[in-house]
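First the structure, in the form of structure tokens, and then the observations on it.
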Amino acid sequence: MNRVPRWRIVAAVAVLAALAAFAAMVAPIYYRNLELQSFVTALPQRVEDRTKSGAPASDDLVRAWVLNEASRLGIPVKSDDVRVFRSAGSGQVERIEVRYFVQLDLPGYAVTLHFYPGAGSR
């Protein structure tokens, strides 16, 4: 009978534990990005609804909505990270882009995660 050496079992468990720890550290960051992406995707419709009801939403207001949601989610988005593009003719919001970075400090290693949630046509 071929028995697997005990050290291999211990090594396999250690690798799986390290992967699980890494996933536990990274998953919340990606989940919050997904929530921000959902918010930004719905934003052009919100802007259009506001425009139909009277006062159009300015770029600063759209930017403030994104910044407030990012702050609520604990995402480090700055005002310069949010770009609002409008169509030349109608002035409707054509595209919203958000770019931000999250620094993740792991034991012995640091990595910067780049995120680009956005909505609208390109």
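Numbers at a glance
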quantity: Matching residues in segment 66-82 - criterion: being over 18 Å from Tyr30 (Cβ atoms) and either of a type in the set (S, T, N, Q) or crowded, with 21+ Cβ neighbours inside 10 Å (or both); calculated: Val66, Asn68, Ser71, Ser79, Val82
quantity: Residue within segment 23-34 that is part of a helix (DSSP H, G or I) and in contact with a helix residue (DSSP H, G or I) (Cβ under 6 Å, 6 or more places away or on another chain) present; calculated: yes
quantity: Condition broken by Val102, with the remaining ones in (1) farther than 30 Å from Ala21 by Cα; (2) surrounded by 11 or more Cβ atoms within 10 Å (Cβ to Cβ) satisfied; calculated: (1)
quantity: Residues (in contact with a strand residue (DSSP E or B) (Cβ under 6 Å, 6 or more places away or on another chain) and free of Cβ contacts under 8 Å to residues at least 60 places away in the same chain) located in segment 94-120; calculated: Glu94, Arg95, Ile96, Glu97, Tyr100, Phe101, Gln103, Val111, Thr112, His114
quantity: Single condition Met25 does not satisfy, out of (1) crowded, with 16+ Cβ neighbours inside 10 Å; (2) modelled with pLDDT under 95; (3) within 17 Å of Gln103 (Cβ to Cβ); calculated: (1)
quantity: Conditions (1) assigned to a strand (DSSP E or B); (2) out of contact with any helix residue (DSSP H, G or I) (no Cβ under 6 Å at 6 or more places or on another chain); (3) over 30 Å from Ala18 (Cα atoms); (4) aliphatic (A, V, I, L, M): number failed by Val84; calculated: (2)
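The values are calculated or read from the model by the stated rules, or taken from the named source; none is laboratory data. What you see is a predicted model; the values in this text were computed from it and never measured. Heads up, the Cβs are rebuilt from the backbone with ideal geometry, glycines too, and the neighbour counts pull from every protein chain shown.
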